[in-house]
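Written below as structure tokens is the structure these notes are about.
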Amino acid sequence: MRSLDLLTLRLFVAVCEQRNIARAAERESIVGSAVSKRLAQLEDTVGTQLLVRKRHGVAPTPAGETLLEHAREMLATAGRIERDMAGFATGVRGHVRMLVTASVMAESLADDVAAFLQEPAHRDIQV
């Protein structure tokens, strides 16, 4: 099987949610014929029919419902990747984890973290 691309999966999800290729195309700012072509290629890639074309729209087949679940998960993961990588692009380079006792948390940790974050060299660090 050829690889699946995120744009085609996003279009597939849009079509399933709108139950209409033209409305999905409008929502995604792409022409309907391009969406239709990508869907046909997607069906060819996975080797099965994903949508039932009806007189007033489309509906996912059982295989389409399964792909819809996976596509939503993949798009959500891609969104998390983009957010996480944006942190690196803006200077956030990682995470700091601290193991402290309850008394340290109650007494001085908040003040220590606040003082650390006030230093100009630490302005791009997220805690």
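Of all stretches in the chain that contain no trypsin sites (Lys or Arg not before Pro) in a DSSP loop with at most 10 other Cβ atoms within 10 Å, the longest one is 3-54.
Can you match volume of the Cα convex hull per residue in Å³ to one of these, (1) 236; (2) 178; (3) 116, based on a calculation from the structure here? Here volume of the Cα convex hull per residue in Å³ agrees with entry (2).
Largest first, how would Val127, Val46, Val58 line up by accessible area (1.4 Å probe)? Present the calculation step by step, with values, prior to reporting the outcome.
Details: Val127 120, Val46 45, Val58 15 Å².
The ordering from most to least exposed comes out as Val127, Val46, Val58.
Modelled spin-label separation between Ala63 and Arg19, with each label point placed 7 Å from Cα along the Cα-to-Cβ direction: 2.3 nm.
Taking the 1.4 Å solvent-accessible surface of the chain as the whole, the part contributed by carbon and sulfur is 54%. Its residues counted as N, the range 4-55 yields a C-alpha radius of gyration over 2.2 N^0.38 Å of 1.02.
Evaluate the relative contact order of the range 20-127 (contact order divided by residue number), counting alpha-carbon pairs under 8 angstrom at least 6 apart; express in whole percent.
Numbers: 53 pairs, mean separation 16.6, N = 108.
Averaging sequence separation for qualifying contacts and normalising by length gives 15 percent for the range 20-127.
A 1.4 Å probe run over the chain, with the rest of the protein chains in place, finds 72 Å² accessible per residue. The dipole here belongs to the chain: it is taken about the Cα centre, uses +1 on the Cβ of Lys and Arg and -1 on the Cβ of Asp and Glu, and is about 880 debye. Working from Cα positions, state the angle (0 to 90°, nearest 10) between the long axis of helix 6-18 and the longest principal axis of the chain. Tilt of helix 6-18: around 70 degrees. The helix-based estimate of mean residue ellipticity at 222 nm for the chain, built from -39,500 (n - 2.57) per DSSP H run of four or more residues and divided by its residue count, is -18500 deg cm²/dmol to the nearest 500.
For a paramagnetic label modelled on Met74 (point 7 Å from Cα along Cα→Cβ), amide N atoms under 15 Å away belong, within the range 1-43, to 1-16, 38-43. Simple spin-label estimate for Val96 and Val31 gives 5.5 nm between the two label positions (7 Å along the Cα-to-Cβ direction from each Cα).
At R0 = 25 Å, how high is the FRET efficiency between Phe88 and Glu119 if r is their beta carbon distance? Nearest 0.05 is fine. Please report the intermediate quantities before stating the final value.
On the way: r = 21 Å, r/R0 = 0.84.
E(calc), rounded to 0.05, equals 0.75.
With contacts taken as Cα pairs under 8 Å and at least 6 residues apart, the range 43-92 reaches a relative contact order of 21 percent. When the chain is treated as a GNM with alpha-carbon contacts under 10 Å, the residue of Ala24, Ala106, Ala40 showing the greatest mean-square fluctuation is Ala106.
The values are calculated or read from the model by the stated rules, or taken from the named source; none is laboratory data. Just so it is clear, the structure is predicted and the values come from calculations on it, not from any experiment. A quick note on method: Cβ atoms are made from the backbone with ideal geometry, for glycine too, and the neighbour counts reach across all protein chains shown. Keep in mind that these areas ignore ligands, DNA and RNA; they rest on the heavy atoms of the full protein, side chains included. Shrake-Rupley method; radii C 1.70, N 1.55, O 1.52, S 1.80 Å.
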